[in-house]
Amino acid sequence: MLTWTITFLVIAVIAAVLGFAGLAGIAATIAKVCFVVFLALFVISLITGRRPVA
């Protein structure tokens, strides 16, 4: 998930440098959404974690 975030962030930066404002905005929004989903899944995995079976 974090790989997708970095990919879309790079696409947004390249599109912004080349002057494609619409594409840059869309790619940046997708990167933000992917990052939020990544953070949510990371926090959930930290809370639940692996517990010993005992």
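No lab work stands behind these numbers, since they all come straight from the coordinates. Since the structure is predicted, the reported quantities are computational estimates derived from the model, not experimental observations. Here the Cβ positions follow ideal geometry from the backbone for every residue, glycine too, while neighbour counts run over all protein chains shown.
Helix-only arithmetic for the chain: the sum of -39500 (n - 2.57) across DSSP H runs with n ≥ 4, divided by the residue total, places the mean residue ellipticity at 222 nm at -29000 deg cm²/dmol. Calculate how steeply helix 21-48 sits against the longest principal axis of the alpha-carbon atoms of the chain, using the helix alpha-carbon long axis, and give the answer as 0 to 90 degrees to the nearest 10. Helix 21-48 and the main axis of the chain meet at about 10 degrees.
Against the chain, whose longest principal axis is taken from its Cα atoms, helix 2-18 shows a tilt of about 10°. Here Cα Rg over 2.2 N^0.38 Å was computed from the coordinates, and among (i) 1.05; (ii) 1.58; (iii) 1.34 the match is (ii).
For the ranges 31-39, 14-22, 44-52, what's the packing order if you count other beta-carbon atoms within 10 Å of each residue, average per peptide, and put the highest first?
31-39, 14-22, 44-52
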